[in-house]
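Scroll down for the structure; my scribbles are underneath it.
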Amino acid sequence: MEIVHVSAECYPFAKAGGLGDVVGALPKYLQQAGNVAKVVCPMYRTKYLFQKNWEVVHKGNTNMGNWWFDYTVIKESSNDSGFDLYLIDINGLLDREKIYGYDDDVERFTAFQIAVLDWLVNWQHQPDVLHAHDHHTGLIPFMLRYCYRFKKISSVKTVFTIHNAEYQGAMSWQKSIYLPEWNTWYWGLLDWNNAINPLASAVKCADWVTTVSPNYMRELQQHANGLERLFQQESKKCIGILNGIDVKVWDPENDQYLDQHYSVKTVSKGKNYHKKQLCKRFQLDESKPLFIFIGRLVGEKGAEIIPSAIRDSFRYIGRKMNFLILGSGSPETENALVQLKSIAENDYNVFVGYNEALSHAMYAGADFLMMPSRVEPCGLNQMYALRYGTMPLVRRTGGLQDTVIDVGDEGGFGIRFENVSTGDLTHAVYRACALYQDTKKMAEYQKQMMKIDHSWESSIQQYMSIYQ
């Protein structure tokens, strides 16, 4: 079976979040299961682009409304990713360093989707499934069916995966002229609240719709940034499939970013070593439990409550713990975290930005990971943490609820809390500090966490069923 994934991100070529991780891993495991998996992304000017060898496989010319443009499709020659990786270049739109954040993102991703379909029309055969990811590719199911230009491939089946329904890509109807000539009888399949909504359109038009955890799919029928009714109406073709993680990349026994490896049998020794390294680097006290946060400093992640939770932990629990933060995002939250360094007593530090090597070292050396997320469709960080024997402190939402069981419940190995509030996160820190004092129990939890299987194997079988 041949599956073509279309996405704005794909690790290691271009990654802004979990979307990149998933699209960089799912096709690889599909390929290993005997399928032909391909990924198509915009050709951003990332470092990866200049580190690899590429071959031109197609040159085309098409239009977005009144604007005609040339596009080029290149393929990575070495197949290092474990699947065929294709990039589409459109001069003036996609030839930029950043993935998102430009005023013309609507035009950039609309042109990208048109170019993808125009290229597929020129294939000598048809793929079995076109798998689009998030709103940046949400117009593909509609255009495939109802734009006359793509009639040749209109029978190709489509799957649409929602990694985050908060972002929907809505645009005014004035931009409907961007689409190749289409059957206007079906305008309602593009519309939601008097605007073209690519995510809503994909939910309506795709043959199957998936989200990245079962619980998140249930939540979307109640909280979906205005699309609740749509998810209720389309529920029969919607399914939640829990993401896996790439257990070769995230493996404390072979992690390329770690200078000392460890296994379930040597977890205590291994984590102690990396904790000492981290504490030395960031002026922390290695005798105290180490709490970390890794991720975007934005409202979705509940990041704005972290500075006050750290202050309250020091005030009410005592200076019995370390905090180390890695992330970037809201300038207000960044500033609040930087200002906290003024009250540090070898128990707090922050790295503003993102550093892949440091994130691996933090998972390896930390005792606890904080995830006070408002929205977490699946969450990968908690799975990475478990793989490295680091206990997650998570809000009970989305995929966090699917993957973390509280230590107070049977078979538990993490700490869960209900609300995105300073008080709830501080109380979770208090529970973790109390648990940390029982070194024997903590060692048992570490081994239990590392044995949990969050590989892609079981998820692949669910995707295969959908493709079939």
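For segment 290-311, what are the residues that are farther than 29 Å from Asn272 by Cβ and of a type outside the set (A, V, I, L, M, F, W, C)?
Arg296, Gly299, Glu300, Gly302, Glu304, Ser308 - these are the residues of segment 290-311 that are farther than 29 Å from Asn272 by Cβ and of a type outside the set (A, V, I, L, M, F, W, C).
Are there any pairs, at least 6 apart or on different chains, whose C-beta atoms fall under 7 Å, with the first in segment 251-266 and closer than 12 Å to Tyr363 by Cα and at pLDDT 95 or above and the second part of a loop (DSSP other than H, G, I, E, B) and among the aliphatic types (A, V, I, L, M), and if so, which?
Between residues of segment 251-266 that are closer than 12 Å to Tyr363 by Cα and at pLDDT 95 or above and residues that are part of a loop (DSSP other than H, G, I, E, B) and among the aliphatic types (A, V, I, L, M), the close pairs are Pro252/Leu258.
Name the pairs: first residue in segment 430-451 and over 22 Å from Asn322 (Cα atoms), second residue surrounded by fewer than 17 Cβ atoms within 10 Å (Cβ to Cβ) and at pLDDT below 95, Cβ to Cβ under 8 Å, at least 6 apart or on different chains?
Partner pairs satisfying both residue conditions: none exist.
Let me spell it out: the conditions are (1) among the polar types (S, T, N, Q); (2) within 22 Å of His163 (Cβ to Cβ); (3) free of Cβ contacts under 8 Å to residues at least 12 places away in the same chain, and Gln124 meets all of them except one. Which number is the exception?
(2)
Which fully enclosed helices (runs of 4 or more DSSP H) of segment 411-468 have 2 or more residues being among the small types (Gly, Ala, Ser) and either closer than 19 Å to Ala25 by Cβ or touching a Ser or Thr at 6+ places or on another chain (Cβ under 7 Å) (or both)? Write out each step before concluding.
Details: elements: 422-436, 439-450, 457-467.
Helices (runs of 4 or more DSSP H) meeting the threshold: 457-467.
Per-residue answers, yes or no, for (1) of a type in the set (A, V, I, L, M, F, W, C); (2) in contact with a Cys (Cβ under 8 Å, 6 or more places away or on another chain); (3) under 26 Å from Val36 (Cβ atoms); (4) without any contact (Cβ under 8 Å) to a residue 40 or more places away in the chain:
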| site | (1), (2), (3), (4) |
| --- | --- |
| Leu120 | yes, no, yes, no |
| Ala132 | yes, no, yes, no |
| Ile153 | yes, no, yes, yes |
| Val156 | yes, no, yes, yes |
| Ile162 | yes, no, yes, no |
| Gly169 | no, no, no, no |
| Gln174 | no, no, no, yes |
| Glu181 | no, yes, no, yes |
| Leu190 | yes, no, no, no |
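Looking at the structure I just gave you, is Tyr29 closer than 22 Å to His163 by Cα, free of Cβ contacts under 8 Å to residues at least 40 places away in the same chain, touching a helix residue (DSSP H, G or I) at 6+ places or on another chain (Cβ under 7 Å) and surrounded by 15 or more Cβ atoms within 10 Å (Cβ to Cβ)?
Details: closer than 22 Å to His163 by Cα: yes; free of Cβ contacts under 8 Å to residues at least 40 places away in the same chain: no; touching a helix residue (DSSP H, G or I) at 6+ places or on another chain (Cβ under 7 Å): yes; surrounded by 15 or more Cβ atoms within 10 Å (Cβ to Cβ): yes.
For Tyr29, the condition - closer than 22 Å to His163 by Cα, free of Cβ contacts under 8 Å to residues at least 40 places away in the same chain, touching a helix residue (DSSP H, G or I) at 6+ places or on another chain (Cβ under 7 Å) and surrounded by 15 or more Cβ atoms within 10 Å (Cβ to Cβ) - is not met.
Looking at (1) in contact (Cβ under 8 Å) with a residue 60 or more places away in the chain; (2) touching an Asp or Glu at 6+ places or on another chain (Cβ under 6 Å); (3) more than 21 Å from Asn381 (Cβ to Cβ), which is the one condition that is false for Asn215?
Of the numbered conditions (1) in contact (Cβ under 8 Å) with a residue 60 or more places away in the chain; (2) touching an Asp or Glu at 6+ places or on another chain (Cβ under 6 Å); (3) more than 21 Å from Asn381 (Cβ to Cβ), the odd one out for Asn215 is (3).
Can you tell me which residue is surrounded by the fewest Cβ atoms within 10 Å (Cβ to Cβ) among those in segment 155-168 that are out of contact with any Leu (no Cβ under 6 Å at 6 or more places or on another chain) and not hydrophobic (A, V, I, L, M, F, W, C)?
It comes out as Ser155.
Looking at Gly327 and the list (1) in contact with a Leu (Cβ under 7 Å, 6 or more places away or on another chain); (2) touching a residue at least 40 places away in the same chain (Cβ under 8 Å); (3) buried (at least 23 other Cβ atoms within 10 Å of the Cβ), which single condition is not satisfied?
The one condition Gly327 does not meet is (2).
Yes/no per residue for (1) at pLDDT 95 or above; (2) crowded, with 24+ Cβ neighbours inside 10 Å; (3) under 24 Å from Arg281 (Cβ atoms):
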| position | (1), (2), (3) |
| --- | --- |
| Arg311 | yes, no, yes |
| Arg315 | yes, no, no |
| Glu332 | yes, no, no |
| Ala336 | yes, no, yes |
| Gln339 | yes, no, yes |
| Glu345 | yes, no, yes |
| Asn349 | yes, no, yes |
| Tyr354 | no, no, yes |
| Leu369 | yes, yes, yes |
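For Asn322, state whether it is surrounded by fewer than 17 Cβ atoms within 10 Å (Cβ to Cβ) and free of Cβ contacts under 8 Å to residues at least 60 places away in the same chain.
Details: surrounded by fewer than 17 Cβ atoms within 10 Å (Cβ to Cβ): no; free of Cβ contacts under 8 Å to residues at least 60 places away in the same chain: yes.
No: the conditions fail for Asn322.
Condition first: surrounded by fewer than 17 Cβ atoms within 10 Å (Cβ to Cβ) and touching a residue at least 60 places away in the same chain (Cβ under 8 Å). Can you find one or more residues in segment 378-400 that meet it?
As a first pass, look at segment 378-400 and keep what is surrounded by fewer than 17 Cβ atoms within 10 Å (Cβ to Cβ): 396.
Right, trim to touching a residue at least 60 places away in the same chain (Cβ under 8 Å) and you get none.
Within segment 378-400, none of the residues are surrounded by fewer than 17 Cβ atoms within 10 Å (Cβ to Cβ) and touching a residue at least 60 places away in the same chain (Cβ under 8 Å).
Please list, ordered by residue number, the helices (runs of 4 or more DSSP H) wholly in segment 134-251 having 1 or more residues that are touching a Lys or Arg at 6+ places or on another chain (Cβ under 7 Å). Full working, then the answer.
Numbers: elements: 140-146, 198-205, 214-220, 228-233.
Once the helices (runs of 4 or more DSSP H) in segment 134-251 are filtered for at least 1 residues that are touching a Lys or Arg at 6+ places or on another chain (Cβ under 7 Å), what remains is 198-205.
Out of Val116, Val56, report the one residue that is part of a strand (DSSP E or B) and either under 25 Å from the mean Cα position of the chain (by Cα) or over 15 Å from Cys10 (Cβ atoms) (or both). It would help to see each step written out before you state the result.
On the way: Val116 fails: part of a strand (DSSP E or B).
Of the residues listed, the single one that is part of a strand (DSSP E or B) and either under 25 Å from the mean Cα position of the chain (by Cα) or over 15 Å from Cys10 (Cβ atoms) (or both) is Val56.
Right, Glu376: of a type in the set (Asp, Glu) and not in a helix (DSSP H, G or I) or not?
So Glu376 fits the description; yes.
Could you say which residue among Val36, Val23, Val40, Val6 is surrounded by fewer than 21 Cβ atoms within 10 Å (Cβ to Cβ) and of a type in the set (Val, Ile, Thr)?
On the way: Val23 fails: surrounded by fewer than 21 Cβ atoms within 10 Å (Cβ to Cβ); Val40 fails: surrounded by fewer than 21 Cβ atoms within 10 Å (Cβ to Cβ); Val6 fails: surrounded by fewer than 21 Cβ atoms within 10 Å (Cβ to Cβ).
Result of the check over Val36, Val23, Val40, Val6: Val36.
The values are calculated or read from the model by the stated rules, or taken from the named source; none is laboratory data. Keep in mind the model is a prediction, meaning the values are calculated, not measured. Cβ atoms come from the backbone with ideal geometry, glycine included; neighbour counts cover every protein chain shown.
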